[in-house]
Every structure is written in C-alpha cells, then in structure tokens.
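A.B. asks: One structure, pasted below without further comment.
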Amino acid sequence: MDAATRNLIDQEYAHLKTLYFNSAYFGPSPIRAKETITKAMNRELDPSFYAYDDWMSISEKLRVKFAELIQVSPDMITHSTSSSDVINIIANGFIFENGDRVAAINKDYPSNILPWMLAQRHNKFTFDMIDLGSEVVPTPDWLERNLKPQTRIFNMSYVTFDTGKKMDLVSIGKFLKSKDILFVVDATQALGGMEITAEELSYIDVLTVSSYKWMLGPYGHAFAYFSQRAQDSIYHLNANWILSPNSKQVYNLLDYTTETLPGARQYDRGQAANLLCSGCLEGSLSFLQEIGLSNIRKYNAEIRDYFLANYPKKKYNLVTPLDHMGNIVCMKSVSGDSIALEKEFKERNIDVSVRQGNIRLSFHVFNTKSQVEELIKGMDI
C-alpha cells in the first residue's frame, strides 16, 4: 500500500482510540461519514424546500455506488434491512412445488437458517440442515453426497462467523449451476474486507451483505444482488407505494398500480431513502470505493499473515484452517478461558470477540502492523 493511501486511511480512522480487531462484530465508520450524516441531519432538522426528487434519488445513488463495487448493473441491487430479511424475501417469494427442498449447513449463522425454518411451516418445501461431518468446508463431492434430488436452493455464508472459514464459491457454484440449484450466499463476513470477483458472482444467484460489519456502514441496512435468474424465480410479496413507477412523480401517487420499478428494486425496503442511514452509507461506500476492495483484501491478508507468523503458538491453537483463510482468524487458548481472555484484552484496550468459545480476531484496513504487534504482546499473557 502506497504512503498516500496509508495516510488517507490513518486520517479517516484517527478517531478510533482502541486496538480494534472486531469488524466481524461491528465495523467502525470512517470519519467522513460524520460529515455526510451531519448533512443528512441538517436536512432532517430543517427539510424546508427539500425537493422530492432529491430526497427520493438518495437510495438510487447508493444503489449505483454499491453496484460499482461489485461491478454489476444497478438493476440487480436491492436495499434491505438485514441479511435475514433478504433470505425471508427468497423463502417466501420463491414458487415451490410439492416435494421441493432447501438446504443449508447446520451451525451456519441464524440469518441463513431461521427464515427457512419458519417459511417451511406454510410453504411446500422441506428444509434440510446438513452437517459437515468430517469435511472442513463444503465441496462439490460433499454436495453430491448430501443434497437431495429435489433441492432447489442452497444457502450458505461465504465466511463463517465463528471459525472464519472461507468457502470456495467457484467450485461450489459450478456444481450447483450444473444441478440447476439456486445459489444464495451471505457475504456479510466478507464483502468490504475483500471483494467478490466477477467469476465468483457469475455462479451466485443472490448475494446478501449486511452493511454494518466489513462494509463499515450503519446497523439496520443491507444490500443484496439478485441475478436475472433469481428475479425470474422470486416474487416480491410486499406492496409499497415507493416501489411503484408512479412514485417518481409526487403528483401521480393515486394512479394505483402493482407494477414496480425495474429489476431488483422490486424487493427494496419501504424506507430505502432513510436520511440518516443513507448519510452513513454514503461515507462508508465512498471510502471503500476510494481505497478499492482489491487493495483492501491484499492489505488485510498482509497484516493477517504477519499476525499468523508471530502470535504465541504455544499458548493458542489455530481454529481457522490455513487453506481457508479470509479476514477472520479464530483461536482457542491452550489453558485460558476465552471469556476471561476477552476481559483481559479489554483492560489492555484491545477489542475482540468470542464466538462459540473461539477468540475471534478481525483484520481490516485501518489496522496497522504496530497494532498487530501490540495485539501479539497482549496475547502473550
């Protein structure tokens, strides 16, 4: 990373006073978000003569920015509130036939499990939670052995929240496409800390990402990508005036129609132009665009690998497989209690998480080599 980019990042995160290795929990926004939120707040305090077109165009501008990040058409992007809500759209909008099945990995994050558990009560499909067994990650062979012939959808996390394991989207996606199975990927623990490549995305039907983690945005918002195949297979079930093409003109609101704006806009949350949420998103998206997701991935891998080469190996067992590393590194103390260690780290001004008994470390672009060295010192207790 060149000096000018490093200096920019340091300026954007000068306000962060902790040794923050916890973006998998909550990603801190860059300081520029304070300016964009302040502008939005000023509009909230005094909306006098705030043009309708200007207000309603906010969500479209953000849709375009996100589409540019993953290099797709804005027509394929929707605003939602969370990854759970995106999965609910699929679970309740896909037209199932008797005998159809949906599959996910047992122990995946609840966002990829609970919507299917609930929806199968009133839909025609059966939901299968499949144990990995002796497999480290799902593979085409594992899928071949475990997916029932009637499986229509397979849903999984790109990076697991509790172990940090990164999945091979291409090999899995190729297999699912060969079986005509819709591939739904939750990239909440990945996108922003790394990119989704064009090849990876070519095998994904729905990609969802909550904005408040690695995307460095606000809580209560998510983006999702819907391929054309997904849009052709999934109905939108929520009528909302803002999704109507007539909402573009405030004078046409009573020209009722159930038609929607084009593409994945049909799935948009009703309040996508939320001023304060959008203000924060504007700051985080512009920062990610300026640095570049590819540059962020490379940098994050460098400081992660520096940590892996130097942490006290006699005191910690590595949980995340080296062959399946993303930005998250999970470890277990050989002798200490993880909750007690989390408390000890807090006293040393080091912010980490504990998930399922694992100490979870998240390496993002605002972290530095010197911070990693302090983290290593703090672990050697």
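The values are calculated or read from the model by the stated rules, or taken from the named source; none is laboratory data. Note that the coordinates shown come from a computational prediction; the quantities given were computed from them, not determined experimentally. Cβ atoms come from the backbone with ideal geometry, glycine included; neighbour counts cover every protein chain shown. Remember, those area values only see protein heavy atoms, side chains included, never the ligands or the DNA or RNA. Shrake-Rupley method; radii C 1.70, N 1.55, O 1.52, S 1.80 Å.
A.B. asks: Apply the a/c threshold of 1.5 to the C-alpha gyration tensor of the chain and tell me whether it is rounded, prolate or oblate.
C.D. replies: Details: a/c = 2.11, a/b = 1.18, b/c = 1.79.
The shape class here is oblate.
A.B. asks: If you average the C-alpha positions of segment 275-297 and of segment 304-342 separately, how far apart do those two centres end up, in angstrom?
C.D. replies: One Cα centre to the other: 29 Å.
A.B. asks: Here are some pairs, LYS213/LYS248; LYS61/LYS369; LYS343/LYS369; LYS148/LYS298; LYS174/LYS332; which of them have Cα atoms lying more than 27 Å apart in this structure?
C.D. replies: LYS213/LYS248; LYS61/LYS369; LYS148/LYS298; LYS174/LYS332
A.B. asks: Then there's this: Within segment 35-141, list the chymotrypsin sites (Phe, Trp or Tyr not before Pro) lying in a DSSP loop whose Cβ has at most 16 other Cβ atoms in a 10 Å radius. Mind showing how you got there, number by number?
C.D. replies: Details: sites: PHE49, TYR50, TYR52, TRP55, PHE66, PHE94, PHE96, TRP116, PHE125, PHE127; in loops: PHE49, TYR50, PHE96, PHE125.
The qualifying sites are PHE49, TYR50.
A.B. asks: Over segment 217-306, what percent of the accessible surface lies on carbon and sulfur atoms, probe 1.4 Å?
C.D. replies: Result for segment 217-306: 49 percent of the exposed heavy-atom area is carbon or sulfur.
A.B. asks: Calculate what fraction, in whole %, of the accessible area of segment 27-169 sits on carbon and sulfur atoms when a 1.4 Å probe is rolled over the protein chains. Don't skip to the end; give the middle numbers.
C.D. replies: Details: 3590 of 6910 Å².
In segment 27-169, the share of accessible area belonging to carbon and sulfur is 52 percent.
A.B. asks: What range in the chain is the longest one free of trypsin sites (Lys or Arg not before Pro) that are in a loop by DSSP and have at most 10 other Cβ atoms within 10 angstrom?
C.D. replies: Within the chain, the longest run free of exposed trypsin sites (Lys or Arg not before Pro) spans 122-313.
A.B. asks: For a quick check: with amide H placed at 1.01 Å from N, whose amide H comes under 5 Å from THR151's, ignoring anything fewer than 5 positions away on the same chain?
C.D. replies: It is ARG101, by chain and number.
A.B. asks: Another question, if that's okay. Ignoring ligands, DNA and RNA, what accessible area per residue does segment 60-184 give at 1.4 Å, in Å²?
C.D. replies: That works out to 43 Å² per residue.
A.B. asks: A follow-up question, please. For segment 97-129 and segment 1-36, write down the distance between their C-alpha centroids in whole Å.
C.D. replies: Taking the Cα centre of each part, segment 97-129 and segment 1-36 sit 38 Å apart.
A.B. asks: Using DSSP, restrict attention to beta bridges with both residues in the chain and report what percent are antiparallel, rounded to the nearest 5.
C.D. replies: 50 percent
A.B. asks: By its C-alpha gyration tensor, with a ≥ b ≥ c as the square roots of the eigenvalues, how is segment 172-308 shaped: rounded for a/c under 1.5, else prolate for a/b larger than b/c, else oblate?
C.D. replies: oblate
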